[in-house]
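Enquirer: Dropping a structure here in structure tokens format, bear with me for questions.
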Amino acid sequence: MKIATVTAPVATLWSRPDAPRPGVDAAVLGPHSDPRSWVAGLDDEGRMYHGVLTQLLHGEQVLVEEVRGGWARVVATAQPAAKLDPRGYPGWLPLDQLSVRAESGDGPLGERDRVAALAAARSLLGVTYVWGGLTPYGIDCSGLVHLAFRQLGVTVPRDASDQRSAVPDLALGSEQPGDLYFFADASGHIDHVGFVAAAPRDGARFVLHACSVNGRVVLEEMPPARTAALAGAGRVGG
């Protein structure tokens, strides 16, 4: 098994080699990907395309498991996804966005670290919501959490359900800025995550999240539909 490094500015991880849509996704293919123009060209339906899994940043390392017709099946080890692969997030990348390289802890976090992660997320307010996005040009809910902590050198899982499994529970009412809110669908599956933006007060909760309903990263008082789906809170680093 080879180890490779992302050489493109941003590499989009795809569900399969034929997942990129002709024309629509051309800007994020090739060695000089342009996520800004890609997101600008997506309509509401295009932003929710599930052929996109996540995005990898320049310099990120991957394990290369298979090469097929200009594509590599890889595992993105910096983006934990335990339910998919214990080593990291699996998917497909164009070979021309990679170069082969040799292979390569997070201590406890304090309140100051969590507030710094919240500040990193706050800097992305207004960024367009894109399923699988992981950049300032387009991002999804769990991508926002993953990227904010990653900027502190802290690795958290990539997907919301894995993030829920990876952090200790908090009693609702005790959450503080920089903690996480988790939301579930009708079956109980965790399908959304956001930052606690402020301590709860007068029965109100405040969340900073990449919101598909609003189509962007927002800081808002939790609306009734979100409150009804609230499944709990957690704290990265305990």
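The values are calculated or read from the model by the stated rules, or taken from the named source; none is laboratory data. Keep in mind that this is a model prediction, so the values were computed, not measured. Don't worry about glycine lacking a Cβ; one is built from the backbone with ideal geometry, like all the others, and counts go over all protein chains shown. We work out accessible area using only protein heavy atoms, side chains counted, and drop any ligands, DNA or RNA first. Shrake-Rupley method; radii C 1.70, N 1.55, O 1.52, S 1.80 Å.
Enquirer: With runs of 4+ DSSP H residues as the only contributors, calculate the mean residue ellipticity of the chain at 222 nm using -39,500 (n - 2.57) per run, divided by the residue total and rounded to the nearest 500.
Expert: Details: 5 runs with 41 residues, N = 238.
-4500 deg cm²/dmol, from helical runs alone.
Enquirer: With a 1.4 Å probe and every protein chain left in place, tell me how much accessible area Glu45 has, in Å² to the nearest 10.
Expert: Near enough 150 Å² of accessible area.
Enquirer: Keeping the other protein chains in place, figure out the carbon and sulfur percent of the accessible area of the chain, with a 1.4 Å probe.
Expert: Working: 5520 of 10610 Å².
Within the chain, the accessible surface is 52 percent carbon and sulfur.
Enquirer: Hey, if you put +1 on the Cβ of every Lys and Arg and -1 on every Asp and Glu Cβ in the chain, which of Pro9, Leu230, Phe206 ends up farthest toward the positive end of that dipole?
Expert: Of the options given, the answer is Pro9.
Enquirer: Let me ask something else. Short version: ³J(HN,Hα) in whole Hz for each residue of region 110-119, in order, from phi by Karplus 6.51 cos²θ - 1.76 cosθ + 1.60 (θ = phi - 60°), x for Gly and Pro, what are they?
Expert: x, 4, 4, 5, 5, 5, 5, 5, 4, 5
Enquirer: Could you pull out which residues in region 209-238 have an amide N less than 13 Å from a spot 7 Å beyond the Cα of Asp44, following the Cα-Cβ vector?
Expert: Output list for this probe position: 212-216.
Enquirer: Which is farthest toward the positive dipole end of region 1-124 among Ala116, Ala19, Leu56, measuring Cα position about the Cα centre, with Cβ charges +1 (Lys, Arg) and -1 (Asp, Glu)?
Expert: So the residue furthest toward the plus end is Ala116.
Enquirer: All other residues with a Cβ under 15 Å from the Cβ of Thr12 taken together, and with Lys, Arg as +1 and Asp, Glu as -1, what is their net charge? The partial results should precede the final answer.
Expert: Numbers: positive: Arg16, Arg21, Arg36, Arg47, Arg73, Arg158; negative: Asp18, Asp25, Asp34, Glu60, Asp96, Asp140.
Local charge sum for Thr12: 0.
Enquirer: Per residue, how many Å² of accessible area does region 114-238 show with a 1.4 Å probe? Mind showing how you got there, number by number?
Expert: Working: 4720 Å² over 125 residues.
The answer is 38 Å² per residue.
Enquirer: Mind putting a number on the dipole of the chain about its Cα centre? Charges go on the C-beta only, +1 for Lys and Arg and -1 for Asp and Glu, and I need it in Debye to the nearest 20. Don't skip to the end; give the middle numbers.
Expert: Details: 21 positive and 26 negative charges, 58 e Å.
Using Cβ point charges on Lys, Arg, Asp and Glu, the chain gives about 280 debye.
Enquirer: Further, regarding this structure: Using only the Cα atoms of region 17-69, what are the Rg and Dmax in Å?
Expert: 12.3, 34
Enquirer: According to the Cα gyration tensor, what semi-axes, each the square root of 5 times an eigenvalue, does the equivalent ellipsoid of region 120-212 have, listed from largest to smallest in whole Å?
Expert: 20, 15, 14
Enquirer: Which three numbers, in whole Å and largest first, are the semi-axes of the equivalent ellipsoid of the chain derived from its Cα gyration tensor as √(5λ)?
Expert: Details: eigenvalues 185, 78, 45 Å².
Three semi-axes, in Å: 30, 20, 15.
Enquirer: What are the ³J(HN,Hα) couplings of region 10-27, residue after residue, when phi is run through the Karplus curve with 6.51, -1.76, 1.60 and θ = phi - 60°? Round to Hz, x for glycine and proline.
Expert: Once rounded to whole Hz, the list reads 9, 10, 8, 8, 10, 5, 6, x, 8, 5, x, 7, x, x, 4, 9, 4, 5.
Enquirer: Taking amide H atoms as placed 1.01 Å from N in the peptide plane, list the residues 5 or more away in sequence, or in a different chain, whose amide H sits under 5 Å from that of Val127.
Expert: HN-HN under 5 Å from Val127: Val217.
Enquirer: Please compute the per residue accessible area over region 32-86 with all protein chains in place, 1.4 Å probe, rounded to a whole number of Å². Let's see the in-between values first.
Expert: On the way: 2790 Å² over 55 residues.
Accessible area per residue: 51 Å².
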